[in-house]
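One structure is given here, and the rest of the page talks about it.
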Amino acid sequence: MTLTADEIRSQPGLWRRVADGPVPEYLSARGRRMLVIGCGTSAFMAMSYAELRERAGFGETDWAFGSEVLTDRRYDTVLALTRSGTTTEIVDAMRELDADTKVVLSAVHGGPLAPLVDQYLALDFADEASIVQTRFPTTAISLLRAALGTDLGPSITDSEVAVEGPLPVDPADFEHFVFLGTSWTVGLAHEAALKMREAAQAWSESYPAMDYRHGPIAVAGDRSLVWIFGTPPAGLVDQVAGTGARVVTGALDPLAQLVQVQRLAVAAAEARGLDPDHPRALTRSVVLA
């Protein structure tokens, strides 16, 4: 078993740990205008959390890629999601952004962001040796969901099914992978497609579910897998199936479905003779000169 696969299997216990632990007030406060930033996987988690927070009534919540932040806007709170705490774009953004409170949620303590922020929260128990991120981002989102008052019990139960149960498909049957979501699961869909590219060098795409019919569906065929997070929009499953593509939906919590896709990416890599622990052209953190 690969290191990446081992870390994927550890997620239910990590989610349980954040469910049982305290939630800092600076993450659970209502009424504060917030910006959430990240790069790569962390950007997609920022997208998901921003949607969850605003829909839960905690306050206006924007998100941005670390490299695309508009620094002339002021926020009550800026939250940076970064596994390594060293990503150049995040360091630069946190140095330039104007906010009452700057917060970092990372997997490691200290680093160049520490002197730039007011609060630094390290989930060091969820850190990863793998280059491809799996357990840190899902544990971070679990903590942030808990801060919004979400009961993590059903999600944890579903994650146990996700790590132990059979995958819904054999990735070797497909050459094209598409992931769709709605609301907060759009970010999860983008992250799922990224996992397939990183671990398996696979042709993968991701879209808001309703937007998939506006062009991208044209390339779906009998070697395509279309995975829909959450409840599919009416009529979409039949329309996608009409292209010959295989459609996957499920009753598991969407974050647990992401765990299934992580496993799918590892299985796809192994089917292609690739090592998911050593993805092509990637490093743990992007630090620019």
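The values are calculated or read from the model by the stated rules, or taken from the named source; none is laboratory data. None of these values were measured; they are calculated from a predicted model. Backbone-built Cβ (ideal geometry, glycine too); neighbour counts: all protein chains shown. Quick note on the areas: whole protein, heavy atoms, side chains included, nothing else; ligands and nucleic acids left out. Shrake-Rupley method; radii C 1.70, N 1.55, O 1.52, S 1.80 Å.
What length, rounded to one decimal in nm, is gained on full extension from ASP151 through to ARG33, with 0.36 nm per residue of separation minus their alpha-carbon distance?
The ASP151-ARG33 span can extend by a further 40.1 nm.
Sort out for me the Cα centre separation of region 236-289 from region 143-178, rounded to whole Å. About 12 Å separates the Cα centre of region 236-289 from the one of region 143-178. Ratio of Rg to Rh for region 95-189: 1.04 [Cα atoms; Kirkwood radius as inverse mean 1/r over pairs]. Label sites at ARG213 and ASP275, each approximated as a point 7 angstrom past Cα along Cα to Cβ, lie 4.6 nm apart. Beyond 27 Å, what percent of the Cα pairs of the chain remain? Counting pairs separated by more than 27 Å, the tail of P(r) holds 38 percent. The convex hull drawn around the Cα atoms of region 206-289, when projected onto a plane and averaged over every direction, covers 7.8 nm². Among the protein heavy atoms, those of SER183 account for about 50 Å² of accessible surface (1.4 Å probe, every chain in place). Would you mind checking the tilt of helix 254-271 against the longest principal axis of the Cα atoms of the chain, expressed as 0 to 90 degrees and rounded to 10? Computed tilt is about 60 degrees. When the chain is treated as a Gaussian network with alpha carbon springs shorter than 10 Å, the biggest mean-square fluctuation among ALA140, ALA19, ALA29 belongs to ALA29. Protein-only accessible surface at a 1.4 angstrom probe places the residues GLU205, GLU51 in the order GLU51, GLU205, largest first. Defining a contact as two alpha carbons under 8 Å apart and six or more residues distant in sequence, what relative contact order in percent does the chain show? In percent, rounded to a whole number, it is 20.
Both numbers refer to the Cα atoms of region 122-250; Rg and Dmax are 15.6, 47 Å.
The long axis of helix 185-200 is offset from the longest Cα principal axis of the chain by roughly 70 degrees. Taken as Cα centroids, region 7-61 and region 206-231 sit 27 Å apart, rounded to the nearest whole angstrom. So how tilted is helix 41-55 from the main axis of the chain? Cα-based, degrees 0 to 90, rounded to 10. Orientation of helix 41-55: about 80 degrees from the principal axis.
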